[in-house]
1. So, in the range 224-276, how many residues would count as being closer than 14 Å to Leu349 by Cβ, aliphatic (A, V, I, L, M) and open to solvent by less than 30 Å² (accessible area, probe 1.4 Å)?
2. With the structure loaded, tell me whether Ser114 is out of contact with any Cys (no Cβ under 8 Å at 6 or more places or on another chain), within 15 Å of the ligand (Cβ to nearest atom) and open to solvent by 10 Å² or more (accessible area, probe 1.4 Å) or whether it fails that test.
3. Answer with yes or no whether Thr51 is crowded, with 24+ Cβ neighbours inside 10 Å and of a type in the set (Ser, Thr, Tyr).
4. When you scan the range 122-144, how many residues do you find that are closer than 16 Å to Leu68 by Cα and among the aliphatic types (A, V, I, L, M)?
5. Filter the range 140-156 for residues that are within 15 Å of the ligand (Cβ to nearest atom) and either under 19 Å from Gly237 (Cα atoms) or surrounded by fewer than 19 Cβ atoms within 10 Å (Cβ to Cβ) (or both) and give the result.
6. Can you tell me which residue in the range 208-232 is farthest from the ligand (Cβ to nearest atom), limited to those that are under 23 Å from the mean Cα position of the chain (by Cα) and either closer than 14 Å to Met62 by Cα or of a type in the set (S, T, N, Q) (or both)?
7. Which of (1) at pLDDT 95 or above; (2) surrounded by fewer than 20 Cβ atoms within 10 Å (Cβ to Cβ) does Lys368 not meet, given it meets every other one?
8. Report, ordered by the first and then the second residue, all pairs with beta carbons closer than 6 Å, sequence separation of six or more or different chains, a first member in the range 173-198 that is touching a residue at least 40 places away in the same chain (Cβ under 8 Å), and a second member that is of a type in the set (Asp, Glu) and more than 7 Å from the ligand (Cβ to nearest atom).
Amino acid sequence: MREKIYVTKPFLPSKEEYMEQISSMWENHMLTNAGNIHNELELKLREYLGTEECVLSVNGHMALEMLLQAMKLKGEVITTPFTFASTTHAIVRNGLIPVFADINEEDYTIDPESVEKLITDRTCAILPVHVYGNVCNVERLQHIADKYHLKLIYDAAHAFGVAYRGRPIGCYGDASVFSFHATKAFHTVEGGAVVTKDHILGDTIRHMRNFGICQDNGECMEIGTNGKMSEFHAAMGLCNLKHINEITEKRKLVVERYYSHLDKVKGIRTHKADMQIQQNYAYFPIIIEREKYGECRDELCQRLQDEGIFARKYFYPLTKKLACYGNDFSRDGTPVADYISASVLALPLYADLSFQDVDRICNIISRK
Ligand SMILES: *Cc1c(COP(=O)(O)O)cnc(C)c1O
């Protein structure tokens, strides 16, 4: 049996690089609570992401939960069901009600027309996702947010390093959240960040991640949580950041190799970003059009698995249909999301996935 291929394989710097990065801790014994390494990463990421504020956190999910709490929202949040559980859970865990808009067929991001139809006097915010690193219709969404005086918060967990019309992705909307989980385009093992241009919001989240304690007066100003990133995690981030361009370049070549094979396969649909988008090549989702391809998504997924290739049904089921939500949310109203979720398969993609392996995967898909 050949070596198994998983949907992703986290990048690791050399042991020497990492040891070098963490060695100062054996002198200063500063292991967490916004230490030097943490602060250096925060600064470097603020520059890299091109935003005024970058607040690191223990993971992307906690960053999103803290952001929603810091914005003191009440009522309904219009969001997409075609995402990871985290997006919806963060809304619900803040006592807010998710209302699910549909997505568009081309790039699977939220459909602004569908969003506008769902706005009521209970709506307080829109929470779209730059799913797979595909850029939401940021102009239309901002227009809608302005028109109805709503907050616009992006889940940018997939979109590290992405830019649109020359502007880094984190500059759009009121705030964005990134995930630096091991499986993401850039990682700190576990980690995440909130980015925003709002300094007051940034400070509130800085307090919130440390139990709500204000650094200046020692008072507990917020009902905070423990959302701090440790020095060990930040050190991994500093190492990985040095390699990010090389990682992205390699991912790009893998993606182009996939296109060269799959563009020719009947019933397999892919998405190509337009020229205005600087991509991060974080995921490679394909849509299996059952009628034309002659096999459904689950059948292809099983066939790949039989050959030791573990593609993933990202994102299936839709979050509104997760078991924990029972019948809390309407099952219909998102026909496109239903279709995409039932037809999508994320293929293996990582920097050192060999062309040989890509060819093998594509041969299985095209039944060669
Ligand atoms: C990974 C992910 C998150 C959560 O990030 P963690 O760092 O794993 O907590 C949130 N939203 C989306 C869309 C994700 O893919």
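1. Residues flagged as closer than 14 Å to Leu349 by Cβ, aliphatic (A, V, I, L, M) and open to solvent by less than 30 Å² (accessible area, probe 1.4 Å) within the range 224-276 amount to 4.
2. no
3. Taking the combined requirement at face value, the residue does not satisfy it.
4. Qualifying residue count, the range 122-144: 4.
5. The one that is within 15 Å of the ligand (Cβ to nearest atom) and either under 19 Å from Gly237 (Cα atoms) or surrounded by fewer than 19 Cβ atoms within 10 Å (Cβ to Cβ) (or both): Ala156.
6. For the range 208-232, the residue satisfying everything is Met208.
7. Here Lys368 clears every test but (1).
8. If the second residue must be of a type in the set (Asp, Glu) and more than 7 Å from the ligand (Cβ to nearest atom), the pairs left are Thr196/Glu53; Lys197/Glu52.
The values are calculated or read from the model by the stated rules, or taken from the named source; none is laboratory data. A quick note: this is a predicted structure, and the numbers were derived from the prediction, not measured. Reconstructed Cβ throughout: ideal geometry from the backbone, glycine too, with neighbour counts over all protein chains shown. We work out accessible area using only protein heavy atoms, side chains counted, and drop any ligands, DNA or RNA first. Shrake-Rupley method; radii C 1.70, N 1.55, O 1.52, S 1.80 Å.
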